[in-house]
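First up is the structure itself, then whatever we jot down about it.
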Amino acid sequence: MIEKLVVEKGAEPYAMTERVLSECRDRLVSDPGEARADDLDKGTLRLVSFPGEFLKPCPGTKSYICCGYYILNVGTNCPLDCSYCILQAYFNQPSLRVFANLEQELEKVGSFLDHNAGRIFRLGTGEFTDSLALDCYAGWTGFLPDFIRERRNALLEFKTKTERIEGLLSTKVRDRIVVSWSINSSFIASREEHGAPGVRKRLEAARACQREGFVVGFHLDPIIHHPQWEKHYLKTIEMMARMIDPTRVIWISLGCFRFMPQLKPLIRKRHPGSRILDGEFVPGLDGKMRYFKPMRVELYRFVKKKLDEWCADLGLYLCMESDEVWHRALGWSPGDSEGLRHYLDGRAVKFFPELEPAETWDGLAIP
C-alpha cells in the first residue's frame, strides 16, 4: 500500500514516527519532490506534527439535523479511492497524512473531556481518513482505547470500510469502543468504492468483532440511486441479517448521496466510468447537491422498512436531513440537533451503562 514514507520536519521525535519507521524504513525518502495540488498521491505516507486542534465538533449545518458527533483528528486523506469521497475536494494537501504528535496531544483532549463531565461525548476518527486502513502503521488501536477507558463520559467510534481489525482484536479494551462499517449495495461497492473489500468481507469483519465482544455500528451512507437499487440494497440487508447479531448493533445511520459542487469535475476527471452523477440533483440548504426530496424519502423508507423487518431496534437515524424528511421517511423526528444528540447518547448508555453523564433528558419520546 505505502510506496514512499516522508517524515516532515518536526515529526521526528515522536513514538509514532519510530513505529512507522520500523515498518517502512525501506520506503523512507528524504526528498519527495514537488507534488501537484491535483495529485492525491495515495502511495505516499507523510508523518506530520500537526499544529491544530485534535478535537472538534462535526461542523454540520443549522439547516439540517446533526448528531452532535466530535471528530478526533488523527490524520487526513484515505488510501481507499471511492469515487464519491468528499476528501477529493476537501483537502488541498496531497499524500496520506498521519499526525505523529497525536499521543502527546491527547492530554489536551482529555482535559477538555474532563472539564465537560456533564455530557456524553461520541468521538470518531473516521471523518478525514479511514479509522483502520492505516492502523497497521500508525497503531491508533494500540493507545486510543486505553485513552477512552480513562474517560467515563466518552466513547470512541472506529469507522472503516476495511477488514483491518487485527489491532482492535489484540487490545483488551471493549468498554465504550464502537467499531462501525460504511456499507453499501454490492453493486455500488464493486463499481465505486475502489480499493475497499466487498460488502461480505466487511460484514465478516464486523461479525468477528462482535464475537470478540465489540459493539458495532453501520453507516449506509451514501445511499445511491442506481439501476434496480431496491434489489441490490435488499441483498445487503439480507446479508446483514444472516451475519450480524442485531442486539449488538448500537446504531445505523442513513444518508443519501450529496456532494459539494466542486467535487463534480473531480469525479468526472478521476473516475470517468462512474455513474453516480447520473440523474438530477438540486442545491440543498447547505449548498451541497442532493437528490430531490421525494427521491430521498423513497430511498430512506425502503431501507428502513427492510431493516425493521430484520430488527426494530437498530438505532436508525438520518445524517444531515431536515425535520420534515425525518417525519416522512422514518415516521418520527428528534426535532432538532439537540434532540438527535440525546437520542444517540441514550443508545450509548444502553450499550455502555458505565457511561456517566451528569445530565438527564426527558423531553424526547424515543420510538
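Some notes on this structure:
- A Cα-only calculation for the chain places Rg and Dmax at 20.1, 59 Å.
- Partners for K9 among lysines (Cα-Cα distance below 30 Å; same-chain residues under 8 apart left out): K42, K56, K108, K159
- Summed residue charge, Cβ within 9 Å of Y137's Cβ, Lys/Arg positive, Asp/Glu negative: -1
- If you take all other residues with their beta carbon under 12 Å from the beta carbon of E163, and give Lys and Arg +1 and Asp and Glu -1, the sum is +2.
- Rounded to 5, percent antiparallel among DSSP beta bridges of the chain: 25
- Proximal aspartates and glutamates to K306, defined as alpha-carbon separation beneath 12 angstrom and excluding residues fewer than eight positions away on the same chain: E230, E238
- Mean-position separation - Cα centroids, the range 302-326 and the range 239-253, in angstrom: 13
- Gain in span if fully extended, D286 to R25, counting 0.36 nm per residue against the direct Cα distance: 89.6 nm
- Over all other residues within a Cβ to Cβ distance under 12 Å of E103, the charged ones net out to -2, with Lys and Arg as +1 and Asp and Glu as -1.
- Peptides 193-200, 242-249, 98-105, ordered by how many other C-beta atoms sit within 10 Å of their residues on average, highest first, read 98-105, 193-200, 242-249.
- Remark on the chain: C24, C58, C66, C67, C78, C136, C209, C256, C311, C319 stand apart, with no other cysteine beta carbon under 4.7 Å.
Computed from the coordinates by the stated procedures, all read-outs in this text should not be read as laboratory data. Please read all numbers here as calculations on a predicted model, not as lab measurements. Using ideal geometry, Cβ is built from the backbone for each residue, glycine included, and neighbour counts are taken over all protein chains shown.
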